[in-house]
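The values are calculated or read from the model by the stated rules, or taken from the named source; none is laboratory data. Not measured: the values here are computed from a predicted model. Virtual Cβ from ideal backbone geometry, glycine too; neighbours counted across all protein chains shown. Side chains are part of the model used for accessible areas, which takes the heavy atoms of the whole protein and leaves out ligands, DNA and RNA. Shrake-Rupley method; radii C 1.70, N 1.55, O 1.52, S 1.80 Å.
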Amino acid sequence: NIVLFSTAFSGFKQSQEYQSKKARKLAEKSPFEKIWDGDLPANVVYKDEEIIAFTPLGGQAPVHYLIVPKKRIPTINELTEEDAHLIGKMFIVARDLAKKYGIDESGYRLAMNNNEDSGQSVFHIHLHLLGGMKTGPMVDQTYRNTKK
C-alpha cells in the first residue's frame with residue numbers, strides 16, 4: 001500500500017517548462033516590485049509601507065484589485081510564521097477595499113494562486129479581490145470525487 005500511495009502522488013510535480021519559466025522570472029524584479037518602485041505604471045488604490053493594491057492589466061470582474069506585500073515571497077510555500085502579520089494585513093486591506101468600492105454586502109471573492117496547477121504566473125504572492133458580479137464556482141466543476 002505504501003508503494004501505491006507514493007506512486008499515486010508522484011505525478012503532482014511542476015513541469016520542466018514551468019520550472020524554467022519560474023527560475024527566469026525569479027532572477028529579476030517582479031512586475032509588482034517594479035510597480036512599487038515606480039518603474040511600471042499602475043492605477044494604485046492603496047499603498048502603505050507594507051502593502052500596495054492596484055488594478056491588474058486584465059481585469060476579470062467589474063471590481064478587481066491585486067493586493068501585494070512589498071516583501072517578495074515567491075509562493076505561499078515560502079511563507080514563514082513571521083509573515084503571518086503581513087498576510088493578515090492583506091486580508092484587512094481587501095476587506096477595506098471591498099467596502100470602499102461597494103461590494104462588501106453583495107459579496108466578493110478573495111483568491112491566491114500557488115504554482116503551476118493554479119495558474120500562478122507572477123512569483124510574488126498576491127491576493128485577488130474580485131466582485132461586482134456573481135463569480136460562479138471556484139473551479140470549472142469538471143472534477144468529481146467518486147471515492148466514497
*Which of Ala98, Ala53, Ala111 moves most in a GNM of the chain, Cα contacts under 10 Å?*
Ala111
*asked:* To check my understanding: the extent here is largest minus smallest coordinate of the Cα atoms along each principal axis. What are those three numbers for the chain, in Å, largest first?
replied: 53, 39, 30
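Whenever you get a sec, compute what percent of the accessible area on the chain sits on carbon and sulfur atoms (1.4 Å probe).
Working: 5480 of 9920 Å².
Roughly 55 percent of what the probe reaches on the chain is carbon or sulfur.
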*asked:* Just to confirm the number: angle between the C-alpha axis of helix 16-26 and the first principal axis of the chain, 0 to 90 degrees, nearest 10?
replied: 30
_Positive dipole terminus of the chain, leading residue within Pro31, Ser20, Thr146 (C-beta point charges)_ = Thr146
*Taking every pair of alpha-carbon atoms in the range 85-136, what share in percent sits in each 5 Å bin, from 0 to the bin with the longest distance?*
4, 19, 25, 21, 18, 10, 2
*Can you give the three extents of the C-alpha atoms in the range 13-96 along their principal axes, from longest to shortest, in whole Å?*
39, 31, 26
*asked:* I want to check a number: in the range 34-148, how many lysine pairs have alpha carbons closer than 16 Å, given a sequence separation of 8 or more or different chains?
replied: 10
_For the chain, calculated [θ]222 nm from helices alone, where every DSSP H run of n ≥ 4 adds -39500 (n - 2.57)_ = -8500 deg cm²/dmol
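Test of the criteria: in the range 93-144, which chymotrypsin sites (Phe, Trp or Tyr not before Pro) are in a DSSP loop and have at most 13 other Cβ atoms within 10 angstrom of their Cβ? Don't skip to the answer; put the middle values down first.
Values: sites: Tyr101, Tyr108, Phe123, Tyr143; in loops: Tyr101, Phe123, Tyr143.
Loop-located and lightly packed - Tyr143.
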*asked:* With angles folded into 0 to 90 degrees, how steeply does helix 84-100 sit against the dominant principal axis of the chain? Use alpha carbons for both and round to 10.
replied: 60
*Determine which aspartates and glutamates satisfy two conditions relative to Lys25: a Cα distance under 17 Å, and not lying fewer than 8 residues away in the same chain.*
Glu17, Glu33, Asp39, Glu78, Glu116
*Charged-residue dipole, Cβ positions (Lys, Arg, Asp, Glu), the chain about Cα centre, Debye nearest 20*: 500
